[in-house]
Amino acid sequence: MEFRDRLRNILTIKDSPHRLAVAFAAGVFIGMSPLLGFHTILGIAAAWIFRLNRIVTITGVFVTNPWTIVPIYTFSAYIGARCLGIKEALPKIDWAHITFSRFVYQLKPLLIPFVFGTLLLGFISAVISYFIIYHAVKKAHSYGK
């Protein structure tokens, strides 16, 4: 099932617009979090803990996918660095003598901006997505009556 189809299915679920929008927004926040590799598990756990619709929450999580994760994470690290006042976010890397451990060590200065940026943009995206889904579901439910 394609992402667009999943979004359309949200409009047909019989639940309040608020609950569906909260579920989707929670998924978006989790999907944009820096915990890559744990997004789906965290989405299912959050849906279970807060009694949200699992399908809607996971749909929100999948806003980040193999096609969107690199631009989202790159932009998040950039925004995090800008917000934290870091002028040169990307360190100079000696590509001729690179090893995995050296690469990780050289990217260490990006960790705090990356975490800050993903959480900040995740929060902003969750709030925006809440209102978009809320109004879309409300409109769809009013047409169904």
For this session: Starting from one equal scatterer on each C-alpha and no solvent at all, send me the Debye-based log10 I(q)/I(0) for the range 52-145 at q = 0.23 Å⁻¹, two decimals.
Result: -1.18
Problem set entry | Residue order, fewest to most surrounding Cβ atoms within 10 angstrom, among 139, 108 | 108, 139
Exercise. Which whole-Hz ³J(HN,Hα) couplings does the range 106-115 yield from phi under the Karplus relation 6.51 cos²θ - 1.76 cosθ + 1.60, θ = phi - 60°, glycine and proline marked x?
Worked result: 6, 8, 3, x, 7, 4, 5, x, 5, 5
Exercise. Whole-Hz Karplus ³J(HN,Hα) for the range 42-48, in order, using 6.51 cos²θ - 1.76 cosθ + 1.60 and θ = phi - 60°, x for Gly and Pro?
Worked result: 5, x, 5, 5, 5, 4, 5
Problem set entry | Angle in degrees between helix 17-31 and the longest Cα principal axis of the chain, rounded to the nearest 10 | 20
Exercise. What angle do you read, to the nearest 10 degrees and between 0 and 90, between the alpha-carbon axis of helix 69-83 and the longest principal axis of the chain?
Worked result: 70
Exercise. How would you classify the range 1-122 from its alpha-carbon gyration tensor, with a ≥ b ≥ c the square roots of the eigenvalues: rounded for a/c under 1.5, else prolate if a/b is greater than b/c, otherwise oblate?
Worked result: prolate
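Values in this text are rule-based calculations from the coordinates and carry no lab data. Quick caveat: nothing in here was measured; it's all calculated off a predicted structure. Positions of Cβ are backbone-derived with ideal geometry, glycine not excepted, and every protein chain shown enters the neighbour counts.
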